[in-house]
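Quick notes on the structure that follows.
The values are calculated or read from the model by the stated rules, or taken from the named source; none is laboratory data. Please read all numbers here as calculations on a predicted model, not as lab measurements. All Cβ positions, even for glycine, are placed from backbone atoms using ideal geometry, and neighbour counts span all protein chains on display.
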Amino acid sequence: MKQMYIDGEWVDAQSKKVRDIINPFNQEVIAQAAEGDAEDAKLAIAAAREAFDHGEWKDTPGADRGRKVLRIAELIERDKEELAELETLDTGKTLEESRADMDDIAGVFRYFAGLADKDGGEVIESPIPNSQSKVVREPVGVCGQITPWNYPLLQAAWKIAPALAAGNTIVLKPSEITPLTTVKVTELMEEAGFPKGVVNLVLGPGATVGNELAESHDVDLISFTGGIETGKRIMQTASGNMKNIALELGGKNPNIVFADAHFETAVDQALNAVFFHAGQVCSAGARLIVEDSIHDRFVEELRVRAERIKLGNGLHEDTESGPLISADHREKVENYVEIGKKEGAHLLVGGARPEDPELQDGFFYLPTIFTECTTDMRIVQEEVFGPVLTVERFQTEEEAVKLANDSIYGLAGAVFTQDIDKAERAAAKMRMGTVWINDFHPYFAQAPWGGYKQSGIGRELGKPGLEEYTETKHIFRNVKPEPINWFK
Ligand code: NAD
């Protein structure tokens, strides 16, 4: 039974409620987890508040904080196989993906550990005679951190590592359906030896635990990764005490392919862009925008490759893609496919559950491609978050960029061409937090990640990812104090 971690103790939910954690490949119960609610969240917030206000963590030198954060990276590397297997059991993703996640996660902890002692503040030129001015960065305080189910530990790492490196205290809330690796890493953080109350973990639903984190006036910052509607609700709730907010929301990411792109590379990358992790990726390249002159050849090659994708058990080495996360989520994807058909998009391939008897207990859905799509269709505009690609055509560079930008989202996008000037021109005009040229998906700890438009507020990773977890303070000193006699 997976418990919560509050004020340095492993505890059950106050209500004693428990939730079954399901493997989406076969619906087997793989664990049970405490099911907390607002009362448990309140206890965790109080512990984090006390540890921040009266504990030693925020005043610990950056070099020492960095050493502790680095220790987490080392422990993750030590337990990589166990963590990867847990992530695969909990999410259905392939073991190869989970292992790659764990490498990235350790890298994120290493990166922020290295930044922990690099910002000594700045002395600035004061326009006032006989004065000194300096700018320092301090931890924000108690941080509520809410994560989704698609990259459970990766998304948590992007939040935990900078928050701790900067000297904050945290209350983590993983998705209620995929808490297992976050529980395990909380054990590793206990092993690393943080002071009591610095790290807290509350398990349970968004409507109770998550809402309490967004609402509580004892929380100074809320960092959320998840869907756009939840993000909007959290933003409203967090306004009660004007919390700092960081929101990493969805995407409907365009992938522009010009006729002069390297054909095999562009096809291969377009396939990976949308069908990796069954499309359950915020930066999935779900909108293919392809130049008219190569359209037919390109989609035919994509169809052939999409039909070959091997669905199966994520634990088996030959599996290329796992199931969707839940029955509800598969229904949502199926509903979008129906919408696409009704809107007049042409279903080229997929559009159904697989018939393979071995896959019947899992939440599988076939890789699906719609052609003849237009920008006014819901299937083109809304985030499906599943293995569904829409294809639009273009004639001119200007038209390609216009189609790419025609979205409420602005998370990421890509452009494929061998004309580097054209690529740079398009990248400059694309309204997204990340633009890839002749590639799709790379992200790493050193580069900031986040969205334009409704894809979010703020940045994770990179130096901005640490700055999110700091407040900036200007300290002004009059070195020759004397009366100013403004009032006689
Ligand atoms: P979700 O919004 O349903 O849930 C995310 C988290 O929020 C969960 O922990 C959930 O329990 C919690 N939550 C739900 N309601 C809440 C409320 N009222 N108050 C506080 N917390 C609440 O999202 P999901 O379905 O778990 O994840 C999929 C979404 O996440 C997709 O839209 C995807 O694009 C997005 N995502 C974005 C990024 C990014 O980096 N931008 C990364 C991964 C996923």
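Residue by residue, here is whether (1) assigned by TED's automatic domain parsing to the domain that holds GLU300; (2) among the hydrophobic types (A, V, I, L, M, F, W, C) holds:
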residue	(1), (2)
LYS342	yes, no
ARG353	yes, no
ASP356	yes, no
GLN360	yes, no
PHE385	yes, yes
ALA404	yes, yes
MET432	yes, yes
PRO442	no, no
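Where helices (runs of 4 or more DSSP H) fall entirely within segment 208-324, those with at least 3 residues that are over 24 Å from the mean Cα position of the chain (by Cα) are at 263-275, 292-308. Only residues that are farther than 14 Å from GLN454 by Cβ and either surrounded by fewer than 22 Cβ atoms within 10 Å (Cβ to Cβ) or within 9 Å of the ligand (Cβ to nearest atom) (or both) were counted in segment 226-243, giving 6. In segment 442-463, the residues that are part of a helix (DSSP H, G or I) reach residues that are aromatic (Phe, Trp, Tyr) and within 10 Å of the ligand (Cβ to nearest atom) with C-beta atoms within less than 9 angstrom, at least six apart or across chains, in these pairs: GLY462/TRP449.
Inclusion of LYS58 among residues that are among the basic types (Lys, Arg) and either over 23 Å from the mean Cα position of the chain (by Cα) or under 17 Å from VAL199 (Cα atoms) (or both) is warranted.
A single entry from ILE146, ILE160 fulfils the requirement of being near the ligand (Cβ under 9 Å from one of its atoms), closer than 20 Å to THR470 by Cα and crowded, with 23+ Cβ neighbours inside 10 Å: ILE146. Scanning segment 276-298 for residues that are among the aromatic types (Phe, Trp, Tyr) and away from the ligand (no atom under 16 Å from the Cβ) gives a single hit, PHE298. Of all residues in segment 148-178, those satisfying the criterion of being within 26 Å of ILE228 (Cβ to Cβ), assigned to a helix (DSSP H, G or I) and out of contact with any Phe, Trp or Tyr (no Cβ under 6 Å at 6 or more places or on another chain) are PRO152, LEU153, LEU154, GLN155, ALA156, ALA157, TRP158, LYS159, ILE160.
Kindly indicate whether any position in segment 179-198 is in a strand (DSSP E or B), in the same structural domain as ARG71 (by TED's automatic domain parsing) and either closer than 19 Å to ASP7 by Cα or more than 7 Å from the ligand (Cβ to nearest atom) (or both). Scanning segment 179-198 turns up no residue that is in a strand (DSSP E or B), in the same structural domain as ARG71 (by TED's automatic domain parsing) and either closer than 19 Å to ASP7 by Cα or more than 7 Å from the ligand (Cβ to nearest atom) (or both). For segment 398-410, a tally of residues being of a type in the set (D, E, K, R) and farther than 11 Å from ILE289 by Cβ returns 1.
Cβ-Cβ distances below 6 Å connect the following pairs, each with a first residue in segment 215-238 that is over 27 Å from PHE52 (Cα atoms), a second residue that is more than 7 Å from the ligand (Cβ to nearest atom), and a separation of six or more residues or different chains: ILE228/GLN454.
Select, from ASN211, ASN168, the only residue that is out of contact with any Lys or Arg (no Cβ under 6 Å at 6 or more places or on another chain), farther than 13 Å from ILE6 by Cα and crowded, with 23+ Cβ neighbours inside 10 Å. From the options ASN211, ASN168, the qualifying one is ASN168.
Within segment 87-108, residues that are crowded, with 24+ Cβ neighbours inside 10 Å reach partners that are acidic (Asp, Glu) with beta carbons closer than 6 Å, at six or more positions or on different chains, in the pairs SER98/GLU87.
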